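Notes follow the structure.
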Amino acid sequence: AYIFSKIATCGYRLQDAHGAVPLSYWRRCLFSPVPYCARSILFFLGYNWIHVYQWQWKDPSRVPETREDWEAPTACCFTPRIRSPVTASNHVSAFDFLVTLAMLDPMFLASEFISHIPLIGPVAVAMQSLFVKRTNTEDRKRVVSNIVQRAKEIHQCKFNKTLLIFPEGTTSTQDNLTWFHNGAFYPGLPVTPVYIRYNFTSFSPAWVSSGPSAGMIFYQAMCQLHNSAEIHILPEYNPRGGERKDTKSFAQNFRKYMASPFELRLTGHSLIDALMLAKHPGYVSRHIHRHMSGSTVQKLLGLRNKSCLRLAQQFHQLDLDQNGTLNQEEFEKAMKTLGIRNANFGPLFQIFDNNGDGKVDFRDLVLGLLFRTGEKKKELSKADRDKKIKLAFRMFDSDHDGRISKYDVESVSLALNPRGVNWDKKRLDGSMSRLFGDSETITEKAFLEFISDDGALMRLLLQDIHDFLTTPSSQSTADKDDEDARGVGKNKPRSIKKAWSETAKSIDKKSD
């Protein structure tokens, strides 16, 4: 496969691959034996048969929602050509690449570093894969535009292959579908679902339960006399209604459509949940995923993987008795660790204690930080927000006379920001000028109305707490833990295996 690919791409510049320059006809002819090479490798691994099935709807006028809405699958002697610009598949094993290459011969969405890997790189280039890098925000925006452009070019017959994407972003068991990322659905074009299933006797080829490394998976496959795999091709899914513009709805409705004929379990978990479980499997499954999944935290607070990992890590460290909640004493110690020593901790604690039980669990902490962000007011009911604002007023009202002054606000602001982190005095003065106007003091009612309309003041006051919990510091031990967690997929495959096993067993019904 390497030799054929190397010859086929001889003189073909890598920037041509990035610039979406299709391979010429003679290059495609030289590459044509590569899928047969992939099939030979699978035969050597014991995959004597790879069955391909096609599915059809019982009622062509209605999109299927359950298993009963589908006809029995039809076995195919030859793999039918997929004509939609984008194909989305579940991701189970390291074998997925070989199985799809051998049977479907698509182009893949792949990370840019793969194009530089010896042996594998030339094969990926010859497949006309779409190479992307996601090191910063600008790169991520470029990924979206590249996917949209490539899908439109396939739709215009500039390329003769479908673009295969694994929307889960990581491997999972073949009985579950985790949260789908939106990349495959940004073009707003029809997407064909492909479901890969492995039939095994003793050793599952899934990454989550068959060994600590890809090498061990290959070894276990060769230890079995016979292996088989199935590829199920469903009718293409056309975006309906507003799904062309609402990629999130498109992705999740597509996931339900893909799961319906196989009755797969849909979970709200994603890669971040596996990373969190890999760091503290017992604690995370008992005290964090019981309340909400990591992907839900990311959606609510707008955090990336690194910050979400740190939030779970910090909560675990602050929970001194490891019972899954912070009492007021632990909360005060946490604030003193942050550097806040002279604040009125009672009302501040109650801002995070949503149900008033005297304890702050992980869900309470997330909702408290959500109150700080202020951009997602719809996630908190008006009653909950008013309650938090009243507690904030109590935090400012040090003499309990029912009114607060500029001095009260400045004193609490200084206590909450002792190190000057994120201190924006000009912005604070602007908020206070709008809050007080020409008055020396204001009542709780005026404070409630102001914060409801302009939450900038409270966001400033609680910003330092948010950054302490979510922003890695080069001096902190949690930063090193985050770095370890980021490399867990490469350096600690056994942890990822255990993490996904726990994820499959503890599906959070409240996460959605």
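The values are calculated or read from the model by the stated rules, or taken from the named source; none is laboratory data. Just so you know, these numbers come straight off a predicted model, no measurement behind them. All Cβ positions, glycine included, derive from the backbone under ideal geometry; neighbour counts span all protein chains shown. Side chains included, ligands, DNA and RNA excluded: accessible areas come from the protein's heavy atoms. Shrake-Rupley method; radii C 1.70, N 1.55, O 1.52, S 1.80 Å.
Would you confirm whether or not region 184-201 contains a residue that is part of a helix (DSSP H, G or I) and of a type outside the set (Phe, Trp, Tyr)?
From region 184-201, those part of a helix (DSSP H, G or I) are 184-185; that's our starting set.
Filter once more, keeping what is of a type outside the set (Phe, Trp, Tyr): 184.
Yes, there is a match, as at least one residue in region 184-201 is part of a helix (DSSP H, G or I) and of a type outside the set (Phe, Trp, Tyr).
Say we look at region 103-118 and pick out the residues that are in a strand (DSSP E or B) and of a type in the set (A, V, I, L, M); which of these is most open to solvent (accessible area, probe 1.4 Å)?
Leu109
Go through region 272-314 residue by residue and tally those that are open to solvent by 30 Å² or more (accessible area, probe 1.4 Å) and under 10 Å from the mean Cα position of the chain (by Cα).
Qualifying residue count, region 272-314: 4.
Which residue pairs have Cβ atoms closer than 6 Å, lie 6 or more positions apart in sequence or on different chains, and pair a first residue in region 318-345 that is over 21 Å from Gly356 (Cβ atoms) and modelled with pLDDT of 80 or more with a second residue that is part of a loop (DSSP other than H, G, I, E, B) and open to solvent by less than 20 Å² (accessible area, probe 1.4 Å)?
As it stands, the answer is none, since no pair meets every condition given.
Can you tell me which residue in region 315-331 is surrounded by the fewest Cβ atoms within 10 Å (Cβ to Cβ), limited to those that are assigned to a helix (DSSP H, G or I) and among the charged types (D, E, K, R)?
Glu329
Restricting attention to region 215-235, which residues are in a helix (DSSP H, G or I) and over 13 Å from Phe203 (Cβ atoms)?
Once the filter is applied, which keeps residues that are in a helix (DSSP H, G or I) and over 13 Å from Phe203 (Cβ atoms), region 215-235 yields only Gly215.
May I ask you to verify whether Phe43 is modelled with pLDDT of 85 or more and open to solvent by 40 Å² or more (accessible area, probe 1.4 Å)?
Judged against the criteria, Phe43 is a match.
For region 83-95, enumerate the residues that are open to solvent by less than 20 Å² (accessible area, probe 1.4 Å) and modelled with pLDDT under 90.
Listed by number, the residues that qualify are Val92, Ser93, Phe95.
Going by what's in this entry, would Tyr257 be described as in a helix (DSSP H, G or I), open to solvent by 60 Å² or more (accessible area, probe 1.4 Å) and either more than 24 Å from Leu45 (Cα to Cα) or of a type in the set (Ser, Thr, Tyr) (or both)?
Criteria not met by Tyr257.
Being open to solvent by less than 20 Å² (accessible area, probe 1.4 Å) and over 28 Å from His291 (Cβ atoms) is the filter; apply it to region 242-253 and report the residue that is nearest to the chain's Cα centre (by Cα).
Phe250
Residue check: is Gly121 open to solvent by 10 Å² or more (accessible area, probe 1.4 Å) and either over 20 Å from the mean Cα position of the chain (by Cα) or closer than 28 Å to Ile272 by Cα (or both)? Write out each step before concluding.
Numbers: open to solvent by 10 Å² or more (accessible area, probe 1.4 Å): no; either over 20 Å from the mean Cα position of the chain (by Cα) or closer than 28 Å to Ile272 by Cα (or both): yes.
When the stated conditions are applied, Gly121 does not pass them.
When you look at Thr173, is it open to solvent by 30 Å² or more (accessible area, probe 1.4 Å), in contact with a helix residue (DSSP H, G or I) (Cβ under 8 Å, 6 or more places away or on another chain) and modelled with pLDDT of 85 or more, yes or no?
Judged against the criteria, Thr173 is not a match.
Restricted to region 176-203, and to residues that are open to solvent by 50 Å² or more (accessible area, probe 1.4 Å) and among the hydroxyl-bearing types (Ser, Thr, Tyr), which residue is nearest to Leu109 (Cα to Cα)?
Ranking the qualifying residues of region 176-203, first place goes to Tyr186.
Looking at (1) under 19 Å from Thr267 (Cβ atoms); (2) open to solvent by less than 10 Å² (accessible area, probe 1.4 Å); (3) at pLDDT 90 or above, find the lone condition where Glu168 falls short.
Failing condition for Glu168: (3).
Kindly indicate whether any position in region 143-157 is open to solvent by 20 Å² or more (accessible area, probe 1.4 Å), on the phi > 0 side of the Ramachandran plot and touching a helix residue (DSSP H, G or I) at 6+ places or on another chain (Cβ under 8 Å).
No, that holds for no residue.
If Thr100 satisfies every condition in (1) surrounded by fewer than 18 Cβ atoms within 10 Å (Cβ to Cβ); (2) out of contact with any helix residue (DSSP H, G or I) (no Cβ under 8 Å at 6 or more places or on another chain); (3) assigned to a helix (DSSP H, G or I) but one, which is the exception?
Here Thr100 clears every test but (1).
Looking only at residues in region 211-241 that are among the small types (Gly, Ala, Ser) and either surrounded by 18 or more Cβ atoms within 10 Å (Cβ to Cβ) or out of contact with any helix residue (DSSP H, G or I) (no Cβ under 7 Å at 6 or more places or on another chain) (or both), which one is modelled with the highest pLDDT?
For region 211-241, the residue satisfying everything is Ala229.
I need every pair where a residue in region 227-250 that is over 20 Å from His91 (Cα atoms) and of a type in the set (Ser, Thr, Tyr) has its Cβ under 6 Å from the Cβ of a residue that is open to solvent by 50 Å² or more (accessible area, probe 1.4 Å) and modelled with pLDDT of 90 or more, sequence separation at least 6 or different chains.
Thr247/Tyr186
Please state which one of Ile272, Ile233, Ile196 is β-branched (Val, Ile, Thr) and touching a Gly at 6+ places or on another chain (Cβ under 6 Å).
Ile272 is the lone residue from the list that is β-branched (Val, Ile, Thr) and touching a Gly at 6+ places or on another chain (Cβ under 6 Å).
Would a scan of region 59-72 turn up a residue that is more than 30 Å from Glu153 (Cβ to Cβ), open to solvent by less than 10 Å² (accessible area, probe 1.4 Å) and in a loop (DSSP other than H, G, I, E, B)?
The answer is yes; a qualifying residue exists.
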